[in-house]
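Visitor: Here's a structure for you.
The values are calculated or read from the model by the stated rules, or taken from the named source; none is laboratory data. Being a predicted model, the structure only gives us computed values, none of them experimental. Cβ placement follows ideal geometry from the backbone for every residue including glycine, while neighbour counts extend to all protein chains displayed.
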Amino acid sequence: MESIKTWNINLNGLLAILELAREKEMDKIFFPSTIAVFGKTTPRINTPQDVPLLPTTVYGMSKSTGELWCNYYFQRYGVDVRSLRYPGIIGWQSLPAGGTTDYAVEIYHEALKNGKYECFLAENTRLPMMYMDDAIKATIDLMSAPKEDIHVRYGYNLAAMSFSPAEIAQEIKKHIPNFEITYKPDFRQDIAASWTESIDDSKARSDWKWKPDFDLEKMTIDMLSHLS
Ligand SMILES: NC(=O)c1ccc[n+]([C@@H]2O[C@H](COP(=O)([O-])OP(=O)(O)OC[C@H]3O[C@@H](n4cnc5c(N)ncnc54)[C@H](O)[C@@H]3O)[C@@H](O)[C@H]2O)c1
């Protein structure tokens, strides 16, 4: 069953790594967490670091449980494990794979290829997003930070920008004036509605000086120039 497979890969894969790190006294471990740990009981705007986590997907359940295991291995065994709650990641290097935030990758490909895009989320669904360059920078910055600066051993909240399908379409229109977007929400609309709109990442900013380089405008210029 798909959901059991998701759990096995995400959670049991992490446990194997944490155990190896403990046994072999490995230097540092990274765990990629996600905004999918949030759920309907999480405050949606400027979501703080420490909030109720009641994810509605097996993906989110496996990641929020993974965060607890990371915290446990640090506290119990001193494993230097570090983690980020990535928002939706947007990049030109790989093709979208059907995830809930992947509309924001597909839209650039379709805008350039066909001049139009049918979006699987509703027009005003705002979600936190980040350009790949910033995701890489954040990961390297976190992993290079001195151990004593790391105060969160589950997933750090991490933010760069938040936008809706209508807002990204508007930005694309500045470069491709005839671009058209239509909306046909599917099952991913419910998942998106259970996540938060914007993230308070002040812990990352104060602990290891996180600061993004890309906003929607700059990302759109870069995406379109690489993809075309
Ligand atoms: N892309 C996003 O927007 C996003 C957002 C939040 C969190 N994340 C997390 O970041 C991580 C990377 O995501 P991505 O989008 O780069 O995914 P991806 O699909 O591009 O890469 C996943 C990698 O995992 C490997 N993999 C899959 N099953 C495996 C298995 N059983 N054993 C070993 N390797 C296996 C794949 O070969 C691939 O190289 C994931 O943990 C994902 O949950 C991604």
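Visitor: Looking at (1) crowded, with 18+ Cβ neighbours inside 10 Å; (2) assigned to a helix (DSSP H, G or I), which is the one condition that is false for Ile181?
Guide: Every condition holds for Ile181 apart from (2).
Visitor: If I filter the range 209-228 for residues that are at pLDDT below 95 and over 14 Å from the mean Cα position of the chain (by Cα), do I get at least one hit?
Guide: Initially, the range 209-228 is screened for residues at pLDDT below 95, giving 228.
Subsequent filtering for residues that are over 14 Å from the mean Cα position of the chain (by Cα) retains 228.
Yes: one or more hits.
Visitor: Scan the range 119-157 for residues that are among the aliphatic types (A, V, I, L, M), closer than 30 Å to Phe179 by Cα and surrounded by 17 or more Cβ atoms within 10 Å (Cβ to Cβ) and jot them down.
Guide: The answer is Leu121, Leu127, Met129, Met130, Met132, Ala135.
Visitor: Among Ser33, Ser62, which is touching a Lys or Arg at 6+ places or on another chain (Cβ under 9 Å), of a type in the set (Ser, Thr, Tyr) and within 15 Å of the ligand (Cβ to nearest atom)?
Guide: Ser33
Visitor: Continuing with this model, one more query. Of the residues in the range 109-137, how many are farther than 18 Å from Gln189 by Cβ and either in contact with a His (Cβ under 9 Å, 6 or more places away or on another chain) or of a type in the set (Lys, Arg) (or both)?
Guide: Applying the first criterion (farther than 18 Å from Gln189 by Cβ) to the range 109-137 yields 109-116, 130-137.
After this cut, where a residue has to be either in contact with a His (Cβ under 9 Å, 6 or more places away or on another chain) or of a type in the set (Lys, Arg) (or both) as well, the list is 111, 113, 116, 137.
Matching residues across the range 109-137 total 4.
Visitor: Output the residues belonging to the range 65-74 that are in contact with a Phe, Trp or Tyr (Cβ under 7 Å, 6 or more places away or on another chain) and within 14 Å of the ligand (Cβ to nearest atom).
Guide: Gly66, Glu67, Cys70
Visitor: On to the next question. How many residues are over 22 Å from Lys218 (Cβ atoms) and among the hydroxyl-bearing types (Ser, Thr, Tyr) when one looks only at the range 126-146?
Guide: 1
Visitor: Taking Ser83 and the conditions (1) within 14 Å of the chain's Cα centre (by Cα); (2) under 23 Å from Glu2 (Cα atoms), which numbered condition does it fall short on, given that it satisfies the others?
Guide: (2)
Visitor: With the condition kept exactly as written, say whether any residue in the range 92-99 is more than 12 Å from the ligand (Cβ to nearest atom), crowded, with 21+ Cβ neighbours inside 10 Å and at negative phi. Explain how you work it out, then say what you get.
Guide: Of the range 92-99, the ones more than 12 Å from the ligand (Cβ to nearest atom) are 92.
Subsequent filtering for residues that are crowded, with 21+ Cβ neighbours inside 10 Å retains none.
Within the range 92-99 (the criterion being more than 12 Å from the ligand (Cβ to nearest atom), crowded, with 21+ Cβ neighbours inside 10 Å and at negative phi), the answer is no, since none of the residues qualifies.
Visitor: Inspect the range 104-111 for any residue being at negative phi, of a type in the set (Val, Ile, Thr), surrounded by fewer than 15 Cβ atoms within 10 Å (Cβ to Cβ) and under 17 Å from the mean Cα position of the chain (by Cα) and give the result as yes or no. Steps first, please.
Guide: Step one: of the range 104-111, the residues at negative phi are 104-111.
After this cut, where a residue has to be of a type in the set (Val, Ile, Thr) as well, the list is 105, 107.
Remaining after also requiring surrounded by fewer than 15 Cβ atoms within 10 Å (Cβ to Cβ): none.
Scanning the range 104-111 turns up no residue that is at negative phi, of a type in the set (Val, Ile, Thr), surrounded by fewer than 15 Cβ atoms within 10 Å (Cβ to Cβ) and under 17 Å from the mean Cα position of the chain (by Cα).
Visitor: Any residue at all in the range 101-117 that is free of Cβ contacts under 8 Å to residues at least 60 places away in the same chain, in contact with a helix residue (DSSP H, G or I) (Cβ under 7 Å, 6 or more places away or on another chain) and near the ligand (Cβ under 10 Å from one of its atoms)?
Guide: Scanning the range 101-117, I find no residue that is free of Cβ contacts under 8 Å to residues at least 60 places away in the same chain, in contact with a helix residue (DSSP H, G or I) (Cβ under 7 Å, 6 or more places away or on another chain) and near the ligand (Cβ under 10 Å from one of its atoms), so the answer is no.
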